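The values are calculated or read from the model by the stated rules, or taken from the named source; none is laboratory data. As the structure is a prediction and not an experimental result, all values here were calculated from the model. Note: ideal-geometry Cβ built from the backbone for every residue, glycine included; neighbour counts use all protein chains shown. For accessibility, only protein heavy atoms count, side chains too; no ligands or nucleic acids. Shrake-Rupley method; radii C 1.70, N 1.55, O 1.52, S 1.80 Å.
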Amino acid sequence: MSENQTCVVVGASHAGVNFAFALRKAGWQGSIKLFDADPSLPYHRPPLSKAYLTSSDAIDKNLLKAAETYQKDDIELNLGVKVGRIERTAQVLHLENGEQVAFDKLVIATGARPFIPPIEGLDSASNLYPLRTAQDVENIRQAFAHSAQKRVVIIGGGYIGLETAASLKKLGGEVTVLEREQRILARVTAPYMSDYFQRLHADNGVAVATSKNVVRIETRDGENSVQCDDGTVYPADIIIVGVGIRVNTELAVQAGIEIDNGIKVNAQAQTSDENIYAIGDCTYHYNPHYQRFIRLESVQNAVDQAKVAAASICGQEVEYDTLPWFWSDQYDVKLQMVGLSQGYTDILVRDENEPKKFSVWYFKGDELLAVDAVNNAKAYVVATKFIKSGEQIDKAKLVDASVEFKPANLLSRVQVC
Amino acid sequence: MAKIIFITSDSEKIELEATSGSVMELAVQNGVQGIDGDCGGVCSCATCHVHVAPEHFAKTGPASEIEQDMLELDDDANEYSRLCCQIEVSEQLDGVVLHVAK
Ligand SMILES: Cc1cc2nc3c(=O)[nH]c(=O)nc-3n(C[C@H](O)[C@H](O)[C@H](O)COP(=O)(O)OP(=O)(O)OC[C@H]3O[C@@H](n4cnc5c(N)ncnc54)[C@H](O)[C@@H]3O)c2cc1C
Ligand code: FES
């Protein structure tokens, strides 16, 4: 049925690439065309602030798929091509190079771009970069290699900022993180975790300063001074901006597709136009487990939505219903997170009596919402099981490190019927 | 140079050769069905699960603690399970047979 049809995908990153392969696997016989403005073969983004940044690898060591695998699955990969406009009624894409591409099904996987805050003097700062693309890493590596003093100021204490801090410290930088809120990771974790990571960075020689609202950057002879509204000033040879993202919704907005904090999609990843799907960071979607609409920035969501959209386009009955999970690697700490902690009423910490190994459990009453596991994959998988099943946890046993970490040992005996 | 043999869940046999990198990278580069490597090889996603042929288990050695923990509640895991992003390619692996987990 799909033989003479064309499925076009805008954005060839975690969502778009996984979608293309999943679509072929689900039995799509028509053509599949991927478009991305980025000229590089599609690559993994998470390592950009982690192991890839500290390595001297070229991007071809970090690819999502090898070039030949696209050919093998007959997936047309168009790189360095920006899509300018969707003409919805005619089912045609207009590329910025003037060409037009007709589609039967369209998938928007445009992700997000770094938010660049309106800071005075930012445009004329020297060696100032965001971190989202392979080119950004290349720029940062070059600037770093050519800098004598390697004083790095990172604006923003979220995961990307903190990972970048750890990586550049490892490379020998003198790194300072400036966070506007009273604690780092304020948007995503409990104060307990913020404190832990603040100390972790301090112990590794990275200064993390909170309540620092950067208002101006002055640059003279290639040397920046980063100024905060409390009057403090930080000299910087390199500045990394990591203050969050803006979703790439422009194509969808212009095409008149429904938007709400991202491109709004149903449980099949379909937009308000039945022939147009959206997947990955750019979507605002319903999470059945938490019973609310959310927007996520994670590989898990990109990959899982990609599979749902592919199956749905091939006529299978599917629904997006997965638990969000995420990870972050900083120094010798591996953080694994599962679930969504928003709305928690209390947290419990289980310490394993081993250095740097614990887990933080977020509850809403007796309901487990989410877990942050530090160097503790077992806590992560046990938590995943409990969040999925909804079985009640015996909280006293949970925090008792002498109780072996097995689901059966942690079950609450008083089960609510 | 080591030869590594993957057997997918559809019983397709794929023979590959490599000198360095991880076994997951080798599989992904060659499009071995069932090995996705979503986390890029940092032991966070468990999408690179293989069962080492029992007679070749000495070539890979057993799973590390984090691999075991990641697979602890996976119904398809057994004593020969490995997350192959954690297996470095070396001469020692030559001839190893890896069954891709479901
Ligand atoms: C430094 C960093 C570290 C991260 N670490 C983690 C982590 O540890 N774990 C985790 O789960 N997630 C992590 N993430 C988030 C993860 O990378 C994203 O969730 C994921 O990349 C989303 O994939 P996506 O395909 O939806 O969007 P994106 O990766 O943003 O890709 C969108 C693509 O669309 C293209 N595009 C946009 N508009 C157009 C257009 N008009 N024409 C053509 N092409 C267009 C862009 O060029 C881009 O390649 C990290 C992200 C970064 C930047
Ligand atoms: S690639 Fe993710 S665990 Fe091996």
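Structure above, values below:
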read-out: 3J(HN,Hα) from dihedral phi, segment A:86-99, Karplus parametrisation 6.51/-1.76/1.60, rounded to Hz, x for glycine, proline; value: 10, 9, 5, 5, 7, 6, 9, 9, 10, 7, 5, 7, x, 6
read-out: Listing of segment B:39-61 residues, each with accessible area lower by at least 10 Å² in the full protein assembly than in the chain alone (probe 1.4 Å); value: B:Cys39, B:Gly40, B:Val42, B:Ser44, B:Cys45
read-out: Ranked order, A:His289, A:His146 - accessible area, probe 1.4 Å, largest first; value: A:His146, A:His289
read-out: Full-extension gain in nm, A:Gln316 to A:Tyr286, via 0.36 nm per residue minus C-alpha separation; value: 8.9 nm
read-out: Gain in span if fully extended, A:Thr345 to A:Asn213, counting 0.36 nm per residue against the direct Cα distance; value: 44.6 nm
read-out: Note, ³J(HN,Hα) from phi for segment A:132-141, Karplus 6.51, -1.76, 1.60, rounded to Hz, x at Gly and Pro; value: 9, 10, 4, 5, 4, 5, 4, 4, 5, 4
read-out: For chain A: relative contact order, % (alpha-carbon pairs under 8 angstrom, 6 or more apart); value: 14
read-out: Over segment A:122-243, relative contact order from alpha-carbon pairs under 8 Å, at least 6 apart, %; value: 36
read-out: Cα Rg over Rh - chain B, Kirkwood; value: 0.91
read-out: The protein assembly as shown - percent of accessible surface contributed by carbon and sulfur, probe 1.4 Å; value: 46
read-out: Antiparallel %, DSSP beta bridges [both residues in chain A], to 5; value: 60
read-out: Per residue, in Å², the accessible surface of segment A:75-180 once ligands and nucleic acids are set aside, probe 1.4 Å; value: 44
read-out: Karplus 3J(HN,Hα) series, Hz, for segment A:43-48 with 6.51 cos²θ - 1.76 cosθ + 1.60 (x for Gly, Pro); value: 10, 6, 7, x, x, 4
read-out: CD proxy at 222 nm, helix term only [per DSSP H run n ≥ 4: -39500 (n - 2.57); per residue of chain A; nearest 500]; value: -7000 deg cm²/dmol
read-out: Ratio Rg/Rh [Cα only; Rh per Kirkwood] for chain A; value: 0.99
read-out: Rg [Å, one decimal], Dmax [Å, integer] - segment A:122-243, C-alpha atoms; value: 13.5, 42
read-out: Relative contact order %, segment A:271-417, counting alpha carbon pairs below 8 Å whose residues are six or more apart; value: 14
read-out: Calculated FRET value between A:Lys72 and B:Lys3, using beta carbons and R₀ = 25 Å, to 0.05; value: 0.75
read-out: Förster radius 35 Å - calculated FRET efficiency between B:Glu65 and A:Ile116, Cβ distance, rounded to 0.05; value: 0.25
read-out: Peptide ranges A:192-198, A:53-59 listed from the most packed, as the mean C-beta count within 10 angstrom indicates; value: A:192-198, A:53-59
read-out: Other-chain or far-sequence residues with amide H under 5 Å of A:Ile259's (modelled H); value: A:Lys264
read-out: Estimated buried accessible area (total), pair A and B, 1.4 Å, Å² to nearest 100; value: 1800
read-out: Total charge dipole magnitude, chain A, about the Cα centre, Cβ charges on Lys, Arg, Asp, Glu only, Debye to nearest 20; value: 680
read-out: Cα-centre dipole for segment A:122-243 with unit charges at Cβ (Lys and Arg positive, Asp and Glu negative), debye to 20; value: 240
read-out: Peptides ranked, highest mean first, by Cβ atoms within 10 Å: ranges A:99-108, A:75-84; value: A:99-108, A:75-84
read-out: Positive dipole terminus of chain A, leading residue within A:Ile347, A:Ile257, A:Ser40 (C-beta point charges); value: A:Ile347
read-out: Within 10 Å of each Cβ in A:67-79, the average number of Cβ atoms from other chains; value: 1
read-out: Proximal lysines relative to A:Lys357, as straight alpha-carbon distance under 23 Å, when same-chain residues fewer than 8 apart are discounted; value: A:Lys50, A:Lys169, A:Lys170, A:Lys334, A:Lys378, A:Lys385, A:Lys395, A:Lys397, A:Lys406
read-out: Theoretical gain in end-to-end length, A:Leu171 to A:Asn261 [0.36 nm per residue, Cα-Cα removed]; value: 28.7 nm
read-out: Top positive-direction residue, dipole computed over chain A with Cβ charges, set A:Phe405, A:Ile239, A:Cys228; value: A:Phe405
read-out: Nearest-20 debye value, segment B:2-100 charge dipole, Cβ charges on Lys, Arg, Asp, Glu; value: 300
read-out: Inter-label distance for B:Glu79 and A:Leu95, nm, one decimal - labels placed 7 Å from Cα along Cα-to-Cβ; value: 5.7
read-out: Protection proxy ranking of A:87-98, A:232-243 - average other beta-carbon atoms within 10 Å, highest first; value: A:232-243, A:87-98
read-out: Which of A:Tyr380, A:Leu369, A:Gln392, positive extreme of dipole for segment A:354-397 (C-beta unit charges); value: A:Tyr380
read-out: In Å², nearest 10: area of B:His51 left accessible to a 1.4 Å probe; value: 30
read-out: Nitroxide proxy distance, nm - points 7 Å out along Cα→Cβ at A:Asn409 and A:Ala148; value: 5.8
